[in-house]
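The values are calculated or read from the model by the stated rules, or taken from the named source; none is laboratory data. Here the structure is a predicted model, which means the values were calculated and not measured. Neighbour counts run over all protein chains shown; Cβ positions are idealised from the backbone, glycine included. Just the protein is used for accessible areas: all its heavy atoms, side chains included, with ligands, DNA and RNA removed. Shrake-Rupley method; radii C 1.70, N 1.55, O 1.52, S 1.80 Å.
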2 protein chains.
Amino acid sequence: MNTTPPKEVLTAHQFAERAKVMKALAHPSRLMMIDALSRGERCVCDLQELIGHDISTVSKHLSVLKKAGVVTDERRGKQVYYRLKVPCILNFFHCVESVIEANNG
Amino acid sequence: MNTTPPKEVLTAHQFAERAKVMKALAHPSRLMMIDALSRGERCVCDLQELIGHDISTVSKHLSVLKKAGVVTDERRGKQVYYRLKVPCILNFFHCVESVIEANNG
DNA sequence: TTTTCATTTGGCATTATTGCCAAACAATGA
DNA sequence: TCATTGTTTGGCAATAATGCCAAATGAAAA
């Protein structure tokens, strides 16, 4: 009697977990921050200058990314520095670009 | 005088384009459909059985994926068959899984 | 301690997404 | 033609996401 579920069949719960991560990545400002963080850690003030929105908005975007497990933060003195926790995310954008090119081409 | 923009600096517009594609992928039902389509084309009725939602809901999810350029459709007789247009999307889920594992571990 | 600077949180209005039902459309078969 | 099957679209209510302001918190400097 086999009680181990086959690996290749995914549960609804697993798709929901994936969707949460994807959702965290599905906003232009958050993608812009991820791009910046791919070149090294940044404080919130750096990112707010980059994004140009209210600092509270930027902070909330970062908390979305943090809750999804995409970035980590560390306070040093008065500032909080964020960095990419899972850089493999960057690999995906080549593929996304190919989607965009196919759309426009 | 250099008028060619440097490749590595991305515009707000480009991040917005990427976000559109990510947004299309950021829903459990749509991820489930993509997973099914990764094993071959499916008609809307197949996918509705898989998802379990109203057929109109499933159809709208598919139109989101289609508009994002992730899938294509083809009518054959009474049925419309969908298939993955850009399979490289699948590669990303290994990375997403590693995010999820890091979150739970 | 009080002030100042950096960041987060609460609250709220605005907008976007989701999923259902009903109606419309498309293609086939009777 | 009319009926049937499969899919899409319109409309709507419920829910979620976004971004601002104001207030709160944390850490350092005066």
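I need the inter-copy label distances for A:H53: point set 7 Å along Cα to C-beta, values in nm with one decimal, smallest first.
Output for A:H53: 2.4 nm, nearest copy listed first.
If I model a spin label at A:E41 and B:V80 as a point 7 Å from the Cα along the Cα→Cβ vector, what separation in nanometres do I get?
Each label point is offset 7 Å from its Cα along the Cβ direction, giving 5.0 nm.
Taking the Cα centroid of region A:61-105 and of region A:19-43, what is the distance between the two, rounded to the nearest whole Å?
3 Å
Mind listing the label-point distances from A:N103 to the same position on all other copies, shortest first, one decimal in nm, points 7 Å along Cα→Cβ?
2.4
Beyond 19 Å, what share of the Cα-Cα pairs of region B:12-104 is found? Please give it as a whole percent.
Details: 1802 of 4278 pairs.
Counting pairs separated by more than 19 Å, the tail of P(r) holds 42 percent.
In whole percent, and with a 1.4 Å probe on the protein chains, what portion of the accessible area of region B:12-104 is carbon and sulfur? Each step should come with its number before you reach the end.
On the way: 2390 of 4730 Å².
Within region B:12-104, the accessible surface is 51 percent carbon and sulfur.
Kirkwood hydrodynamic radius, computed over distinct alpha-carbon pairs, for the protein assembly as shown: how many Å, to one decimal? Intermediate results must be reported in sequence, preceding the final value.
On the way: mean 1/r = 0.0538 Å⁻¹.
By the Kirkwood definition, the hydrodynamic radius is 18.6 Å.
Using a Förster radius of 22 Å, what is the FRET efficiency between B:E8 and A:N104 based on their Cβ-Cβ separation? Nearest 0.05, please. Please report the intermediate quantities before stating the final value.
On the way: r = 20 Å, r/R0 = 0.92.
Once rounded, the FRET efficiency stands at 0.65.
So the label point sits 7 Å from Cα along the Cα-to-Cβ vector; using that for B:T72, what distances do you get to the other copies, in nanometres, sorted shortest first?
Once sorted, the set of distances for B:T72 reads 4.4 nm.
What total accessible surface area, summed over both chains, is buried at the interface between chains A and B, computed with a 1.4 Å probe and given in Å² to the nearest 100? Please list the in-between numbers first.
Numbers: alone 7640 and 7620 Å², together 12130 Å².
The A and B chains share an interface burying roughly 3100 Å².
How much accessible area per residue does chain A have, in Å², with a 1.4 Å probe? Could you put the intermediate results ahead of the total?
Values: 6070 Å² over 105 residues.
Dividing the accessible area of chain A by its residue count gives 58 Å².
Show which lysines lie in cross-link reach of A:K60 when reach means a straight Cα distance below 21 angstrom and same-chain residues fewer than eight apart are skipped.
A:K20, A:K23, A:K78, A:K85, B:K20, B:K23
Mind listing P(r) for region B:39-86? All alpha-carbon pairs, 5 Å bins, whole percents.
5, 23, 32, 29, 11, 0
Accessible area drop of at least 50 Å² (1.4 Å probe, protein heavy atoms): which residues of region A:79-101 qualify, relative to the chain alone?
Residues losing area: A:F92, A:C95, A:V99, A:I100.
Can you pull the mean other chain C-beta count within 10 Å for peptide A:33-42? Provide the component values of the computation, followed by the final result.
Values: counts 1, 2, 6, 0, 0, 0, 1, 0, 0, 0.
Per residue, the average neighbour count from other chains is 1.
Rounded to the nearest 500 deg cm²/dmol, what is the calculated helix-only ellipticity per residue at 222 nm for the protein assembly as shown, with -39500 (n - 2.57) per DSSP H run of length n ≥ 4? Write down the numbers at each step before the final one.
Working: 10 runs with 114 residues, N = 210.
Calculated at 222 nm, the ellipticity per residue is -16500 deg cm²/dmol.
Which one, A:A68, A:G105, A:L90, is farthest towards the positive end of the dipole of chain A when Lys and Arg carry +1 and Asp and Glu -1 on their Cβ?
Going by the Cα projections, it comes out as A:A68.
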